Amino acid sequence: MIWDTNKQVGKKIIIKTKKGFLSFEMERIKYIICDGHYCYIVLADNSEHRVRRSLKYFEKTEKLEDFGFAHVNRNTLVNCRYVFDAELLQTKRTLHLKVINNESIIVSRRKVHLFKNIV
């Protein structure tokens, strides 16, 4: 599967909060991690923003998978624009994606086949 990240250019995600609105450019989002009722949006400059939304909201409502994001495990959506390497461990069932700044994200066993062409 090839993710087209060119569709991200100029697109924004706008999230309503109690204090107003948050706006994020899609091409600046590295990944989104869900922790309970909150999601942490990590941007390219390593800043984190906490929003009270589920990961399903970003998947279904914002349709991020159509814009080059991949659901790599139960609680993480990764922007494929920032994936530069993948390392398959000896078990051949555990795959670590290397995101810019050498951060490692574990891919679930069910999704490993999607990233085998990067290895």
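The values are calculated or read from the model by the stated rules, or taken from the named source; none is laboratory data. Keep in mind that this is a model prediction, so the values were computed, not measured. In this analysis, Cβ positions are derived from the backbone assuming ideal geometry, glycine residues included, and neighbour counts consider all displayed protein chains.
Assorted remarks:
- Out of ARG53, ARG28, sole residue that is at pLDDT 90 or above, crowded, with 18+ Cβ neighbours inside 10 Å, on the phi < 0 side of the Ramachandran plot and among the basic types (Lys, Arg): ARG53
- Of all residues in the stretch 8-27, none satisfies being aliphatic (A, V, I, L, M), in contact with a Cys (Cβ under 9 Å, 6 or more places away or on another chain) and under 22 Å from VAL83 (Cα atoms).
- Hits in the stretch 25-39 (condition: of a type outside the set (Asp, Glu), out of contact with any helix residue (DSSP H, G or I) (no Cβ under 8 Å at 6 or more places or on another chain) and in a strand (DSSP E or B)): ILE29, ILE33, TYR38
- In the set VAL42, VAL72, VAL78, only one residue is touching a helix residue (DSSP H, G or I) at 6+ places or on another chain (Cβ under 8 Å) and either closer than 25 Å to LEU95 by Cβ or outside any strand (DSSP E or B) (or both); that residue is VAL72.
- Residue within the stretch 88-101 that is outside any helix (DSSP H, G or I), surrounded by 12 or more Cβ atoms within 10 Å (Cβ to Cβ) and either in contact with a Cys (Cβ under 8 Å, 6 or more places away or on another chain) or in contact (Cβ under 8 Å) with a residue 60 or more places away in the chain (or both) present: yes
- Hits in the stretch 7-24 (condition: out of contact with any helix residue (DSSP H, G or I) (no Cβ under 8 Å at 6 or more places or on another chain) and either modelled with pLDDT of 90 or more or assigned to a helix (DSSP H, G or I) (or both)): ILE14, ILE15, GLY20, PHE21, LEU22, SER23, PHE24
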